[in-house]
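Undergrad: This is the structure I want to talk about, given as structure tokens.
The values are calculated or read from the model by the stated rules, or taken from the named source; none is laboratory data. What you see is a predicted model, and the numbers here were worked out from it, not measured in a lab. So basically every Cβ, Gly included, is an ideal-geometry build from the backbone, and we count neighbours across all protein chains shown. SASA here: full protein model, heavy atoms, side chains in, ligands and nucleic acids out. Shrake-Rupley method; radii C 1.70, N 1.55, O 1.52, S 1.80 Å.
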Amino acid sequence: MTDSHLPRRTLLRYGAYGAGAAALAGTAASWDRLTGADIPGRDDGSLVVATLGSAFDPATVDALTKGFHQLHPDIPLRVNAVQAVDWSDFFAKILTQIAAGTAPDLVYVATEGVQLFAQKLGVSLDRWVRRDAAELREYFADVHPSLVESMMYEGHLYQLPMEFNAADIYLNKQVLKRAGADFPAADWSRDDFTALLREMKRAGDAHFTPYFWTNRLWGGVVPWLFANGTNLLKESKAPGGSWLWDTFYPAADRQGRGGGFRWTTPQATADRVEEAYDYLASLVQENLCSRPEGGNGSNLVGVFSTGRVGVTPAGGFWAGGLQLAGMRAADYDVQYFPRWRTQRHQFGAAGYALLRTSKKQEAAWEFIKYAARKDTMTRLFQSNQTTPARRSMLNAARYAESGPAHWRVFYDTLDRFPDTGPIPAPPQVAEVTDVLLKYTGTALASPRAVGPALRRMQGDLEQAMEREI
Amino acid sequence: MTNTQVPNTQDPNAQVPAVRSRPATPPPAVAVRPSVRDRGTRLLAALFLAPTVVGIVVFTVVPIIGSLVLSLFHWNVIDPPRFAGGANYRTTFTDSTVLVSFRNTLLFMVLAVALQLLIALSLALALNARMPVWLRSLFRSAFFFPLVLSAASISVVMKYLFNQDFGVVNWLIGLVGVAPVPWLTSEHAAMATVILVYVWQQFGFSFLLFVGGLNNIPKEIHEAAALDGATGLRKHLGITLPLLSPTLLVASVVGIINALQVFEQPYVLTDGGPGDATRTVVMVIYERAFEQLDFGEASAVGVLLFALIMAVTALQFRLSRRFVHYQ
């Protein structure tokens, strides 16, 4: 007998194995389980809106979707709250979704990504804005032209600004009291600022830091560059845009407006840039401020509210945060950023960008209009986690509980300093930001490091700006 | 008659022919077929291996090939890829950030792995001494515990602890009069701090390997050495370490591969700074791909890292022939 003959017992055993495997496979196949199709709204033809996860709380998102559904019952809507650490992380995740073929229709984009999205992914809103001009007249009348201009790219409008934050200065009033210092005047100078820090340092203990700042594009070294009348990249304006200014803004407001900002030639080695870095370096060396890498925005509310920090640059978004941290309106206040050669402030704004890949562009435009309505924005921005782009929404009632007393500063920054502008964010913003953060750390890490670090920053910025995205 | 030469087995000087000629008559052609049991076993083995093989092919081999192909293109996710030839590699070799990241990663690998193995081995040897079982178990759990935690979470906590202005570490050393140390903000201290955090989290794996390796060394060998008069250090150097060398090889191979791919700790703790002081290769890959939308260059850097890992691992196995002893 050879092995080629299959014994009956073996045959039965393998038969049983086969039957068992088939039964298991059948059971697994028929088992109820979750698939991608079970995610509400997935692939059901909904208009998909991607927002930064932490920007709106679930109740707000709920109100947003219900309100839109009442107005447009024929347009199913899904809000995709993408959890991300910051805007850069958020954009990375959106791009991953696009690469995966699951691009949203609309994305909530801040200044950091306006030009990148406009150049590569966005659809200009010009034709819809022109078409629905009558409907939008009330919106533009309520929104500062600087914010609108920051959402333009090469003469076209890509977003309607919903919110913004200018870098003003928050002051801890307990610390001021401890130092015996007065609340600064609106036109205080850089020297007044330094003197105040020294007074605070004298009155504080070894673990007290008078000025806390974070090394990032918004609110880091850039406000000092702006105050010193300079910028990281040479700033100019694109031609065009008169179609919008002439339609919606009076002559006084459209004076000097263009088709959006252009940030082109790097100027890291310019005298005024070096001067701003030298000033920050002197503050670090005098132990008057946090070091670039030491500053971490996530623990800032904690250290400020407990009196371990005296002043810090922040926008309207901080009022809500400080209230949550237990600070009362009387415990802190806000003032304009100090004057140096100018008192120009920097800001960042955000709104919805419509993606080229969207097959529901008309529906998406309806959502953009709906989101920019005053009643919608009032529902969206209930707590003071940002500064609404609509001037009429900033009123005493809004800040009655959370403060600060000088809440008018938030919007008046735009009115009082009309040259106030967005942070430099060309399409190559990610690389520009990386270079800025890296060399700011190097420049302020040791004495006499500013010059060499800025020279290397200039080289890297030139390389970054030449790079095709 | 054949021309086959039969060696004279009686004569030790007789030469064995260099080439054996074919036998005159070939052996009978008996086809050896595997038994049904053998075939069944092979099938079963293949079935069990299939998921892993499929996993390796889909999640390792295909991405490696994909990266290799992508490294020859310019691709920003949004526009279609454009063929770039060797441009991404040329950029990589002239990009100071990439070169510095390779230097940092190699420095990190040498220091972190050496420290990790030294600490793990010392603690494993210490724990091998006589002590109550419950205490031994407690130490084992304590040393292994950081490994099961997320590296990102640990790094977030460590960032607070090592903060120069508000950190607990500087507060503690301040109690004994030491000035605040710029743990994460000085070019020299930052890498040391990152290594410290990494080693603290990672040494538990090597430690467990060493504990297992030490348990496998037969007691008789140590007893025989003791009878021959070998004392503590001599015993460790002459017996324990040579017999532990296979474990050391595994621990160092795994340690080096992990260290060359370090990302979370420097990313969260220092974001690669100050300057480029703690920027690692995987951080550069992430930045190029997901922040700067340059997937071609990111892939080129990834391919170079892959080649480096392969080279270092091959070198380790090559050297292991001389230093690793199996019982």
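Undergrad: Just for helices (runs of 4 or more DSSP H) wholly inside the range B:193-285: which have at least 3 residues that are free of Cβ contacts under 8 Å to residues at least 12 places away in the same chain and open to solvent by 20 Å² or more (accessible area, probe 1.4 Å)?
TA: So the answer is B:219-227, B:232-235.
Undergrad: Here are A:T247, A:T269: which of them is open to solvent by 50 Å² or more (accessible area, probe 1.4 Å) and in a helix (DSSP H, G or I)?
TA: After ruling out the rest, the residue left standing is A:T247.
Undergrad: From the residues in the range A:436-469 that are in a helix (DSSP H, G or I) and of a type in the set (S, T, N, Q), which one is nearest to A:R216 (Cα to Cα)?
TA: That would be A:T440.
Undergrad: Does B:V156 satisfy the criteria of being in the same structural domain as B:M109 (by the TED database) and without any contact (Cβ under 8 Å) to a residue 60 or more places away in the chain?
TA: No, not satisfied.
Undergrad: Across the range A:257-266, what is the number of residues that are more than 20 Å from A:Q159 (Cα to Cα) and either out of contact with any Ser or Thr (no Cβ under 9 Å at 6 or more places or on another chain) or in a loop (DSSP other than H, G, I, E, B) (or both)?
TA: Matching residues across the range A:257-266 total 2.
Undergrad: Of everything in the range A:182-207, what is of a type in the set (D, E, K, R) and either at pLDDT 95 or above or closer than 17 Å to A:A276 by Cα (or both)? Give them in sequence order.
TA: A:D182, A:D187, A:R190, A:D191, A:D192, A:R198, A:E199, A:K201, A:R202
Undergrad: Is it the case that B:P146 is over 28 Å from B:A289 (Cβ atoms), out of contact with any Pro (no Cβ under 7 Å at 6 or more places or on another chain) and either part of a strand (DSSP E or B) or at pLDDT 90 or above (or both)?
TA: yes
Undergrad: Within the group A:A349, A:A319, A:A281, A:A330, which residue is part of a helix (DSSP H, G or I) and closer than 30 Å to A:T65 by Cβ?
TA: Going through A:A349, A:A319, A:A281, A:A330 in turn, the sole match is A:A319.
Undergrad: State whether the residues of the range B:152-168 include one that is outside any helix (DSSP H, G or I), buried (at least 20 other Cβ atoms within 10 Å of the Cβ) and either on the phi > 0 side of the Ramachandran plot or at pLDDT 90 or above (or both).
TA: yes
Undergrad: Among what's in the range B:169-180 and is crowded, with 17+ Cβ neighbours inside 10 Å and either part of a helix (DSSP H, G or I) or at pLDDT 90 or above (or both), pick the residue that is farthest from the other protein chains (Cβ to nearest Cβ).
TA: B:V169
Condition check ((1) farther than 28 Å from A:F90 by Cβ; (2) open to solvent by 30 Å² or more (accessible area, probe 1.4 Å); (3) outside the structural domain of A:F193 (by the TED database)) across all residues:
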{"position": "A:Q361", "(1), (2), (3)": "no, yes, yes"}
{"position": "A:A389", "(1), (2), (3)": "no, no, yes"}
{"position": "A:P418", "(1), (2), (3)": "yes, yes, yes"}
{"position": "A:D434", "(1), (2), (3)": "no, yes, no"}
{"position": "A:L437", "(1), (2), (3)": "no, yes, no"}
{"position": "A:V450", "(1), (2), (3)": "yes, no, no"}
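Undergrad: Okay, moving on. Could you list all residues from the range B:288-301 that are among the acidic types (D, E) and buried (at least 24 other Cβ atoms within 10 Å of the Cβ)?
TA: Hits for the range B:288-301 are B:D294, B:E297.
Undergrad: Kindly provide the set of residues from the range A:76-97 that are among the hydroxyl-bearing types (S, T, Y) and at pLDDT below 80, ordered by number.
TA: A:S88 - this is the single residue of the range A:76-97 that is among the hydroxyl-bearing types (S, T, Y) and at pLDDT below 80.
Undergrad: Sticking with this one: Please give the number of the condition B:L118 fails out of (1) without any contact (Cβ under 8 Å) to a residue 12 or more places away in the chain; (2) in contact with a helix residue (DSSP H, G or I) (Cβ under 6 Å, 6 or more places away or on another chain).
TA: (2)
Undergrad: Of all residues in the range B:277-298 being touching a helix residue (DSSP H, G or I) at 6+ places or on another chain (Cβ under 6 Å), aliphatic (A, V, I, L, M) and at the interface with chain A (Cβ under 10 Å from one of its Cβ atoms), which is nearest to A:I469 (Cα to Cα)?
TA: Only one residue fits best here, namely B:A289.
Undergrad: Next question, about the same structure. Do the conditions hold for A:P427, that is, is it open to solvent by less than 30 Å² (accessible area, probe 1.4 Å), more than 18 Å from B:T185 (Cβ to Cβ) and either modelled with pLDDT under 95 or not in a loop (DSSP other than H, G, I, E, B) (or both)?
TA: For A:P427, the condition - open to solvent by less than 30 Å² (accessible area, probe 1.4 Å), more than 18 Å from B:T185 (Cβ to Cβ) and either modelled with pLDDT under 95 or not in a loop (DSSP other than H, G, I, E, B) (or both) - is met.
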